[in-house]
Amino acid sequence: MFLMNDRRYLIAYISPLKADKAVLASSGFQADVKALQKHLAAKHLIYQHQHNKQMSCPAMAQLLSNTLYYKRFFPYYAFNVLGGLDSEGKGCVFTYDAVGSYERVGYSSQGSGSTLIIPFLDNQLKSPSPLLLPAVDAVTPLSEAEAIDLVKTVFASATERDIYTGDRLEIVVLNADGTRYEYMELRKD
């Protein structure tokens, strides 16, 4: 799974959470992933009824962190990336571990192919080393079409080297105009 943001749009791989401004991508044990997504959907629905509005992506990020941390002694075997648009309409991406620790980043990947995807993206987007001080999260700006092509290239490459990456790519493009889906068949073997 992979999420990447730019200032105007967000691209995600995997099934989205039912929210206008946020997309949740999860990998891990499928039953835990479904249980977590069901729990978050219920919490989001309660929030909508209480506040008469959609939950913002940063609020959803905190909710996911709290939910994962609450289950830390018997955790969901789910590794998550949450992305969406913040209140200013800019892209935001949050990456998580299994017990709820999270960080806002420029792009992220989880799952079996992430060890192949992240170095490729670091190279293509010219991200500075995380060891540099002070920490800088500079990501090369891309047009929407360039970002989609990069996602397709990254997954085609990962599929060649990782048998667990999957047979089909689902790309969710989230921007101010709404949500759009694109699909691409990957190598099947």
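The values are calculated or read from the model by the stated rules, or taken from the named source; none is laboratory data. A quick note: this is a predicted structure, and the numbers were derived from the prediction, not measured. Every residue, glycine as well, gets a Cβ built from its backbone with ideal geometry; the counts of neighbours run over all protein chains shown. Accessible surface areas use protein heavy atoms only, side chains included; no ligands, DNA or RNA. Shrake-Rupley method; radii C 1.70, N 1.55, O 1.52, S 1.80 Å.
Data for the structure
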quantity: Odd one out for K38 among (1) over 22 Å from G91 (Cα atoms); (2) in a loop (DSSP other than H, G, I, E, B); calculated: (2)
quantity: Filtered residues of region 63-83 (kept if closer than 25 Å to A176 by Cα and either outside any strand (DSSP E or B) or at pLDDT below 90 (or both)); calculated: L63, L64, G83
quantity: Residues of region 17-35 satisfying the condition of being part of a helix (DSSP H, G or I) and touching a strand residue (DSSP E or B) at 6+ places or on another chain (Cβ under 7 Å); calculated: D32, V33
quantity: Residue selected from region 93-124 under the condition in contact with a Lys or Arg (Cβ under 9 Å, 6 or more places away or on another chain) and either aliphatic (A, V, I, L, M) or modelled with pLDDT of 90 or more (or both), by the criterion surrounded by the fewest Cβ atoms within 10 Å (Cβ to Cβ); calculated: V99
quantity: Test result for K90, under 12 Å from A19 (Cα atoms), of a type outside the set (D, E) and open to solvent by 10 Å² or more (accessible area, probe 1.4 Å); calculated: no
quantity: Positions within region 95-114 being under 14 Å from Y77 (Cβ atoms) and not in a loop (DSSP other than H, G, I, E, B), in sequence order; calculated: Y96
